[in-house]
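*Asks:* Sending over a structure as structure tokens; questions will come in a sec.
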Amino acid sequence: MASGRLRADPLFQGLARPSMIMGVSYMFFVLNAMLTTIMFINSKSFLSMPFGVVVHLFGYLLCQHEPRAIELWMLRMRTGFKSWNRFTLHHYTNSYDVF
């Protein structure tokens, strides 16, 4: 009898997840490492390391809910905004061209 619920195979779930490092996606780990390294170089102090840990914990909590959260946010920032010139030049449609 069908219960009306979808059953997900654990093998498929493992293959569909992005690569993770210490509980966060690879993209988030690289961005956090770059940001923390830049802060360390500019401040010349190890006080930037706790900031990197706090950002990593935020990313860990974010990736527990949705593993591809950072990639989805980056896609939203790239294509999700409405064009400023859509009223005057493009008759109320979006244009992603840069003039």
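*Asks:* Please rank 28, 58, 12, fewest neighbouring Cβ atoms within 10 Å first, as an exposure proxy.
*Replies:* Exposure proxy ranking, most exposed first: 12, 58, 28.
*Asks:* Moving on. Test of understanding: what is the full-extension gain from residue 74 to residue 40, defined as 0.36 nm times their sequence separation minus their Cα-Cα distance?
*Replies:* Extending this stretch completely gives an extra 9.8 nm.
Taken together, the values in this text are just the output of simple stated rules run on the coordinates, not laboratory data. Source: prediction; values computed, not measured. Virtual Cβ from ideal backbone geometry, glycine too; neighbours counted across all protein chains shown.
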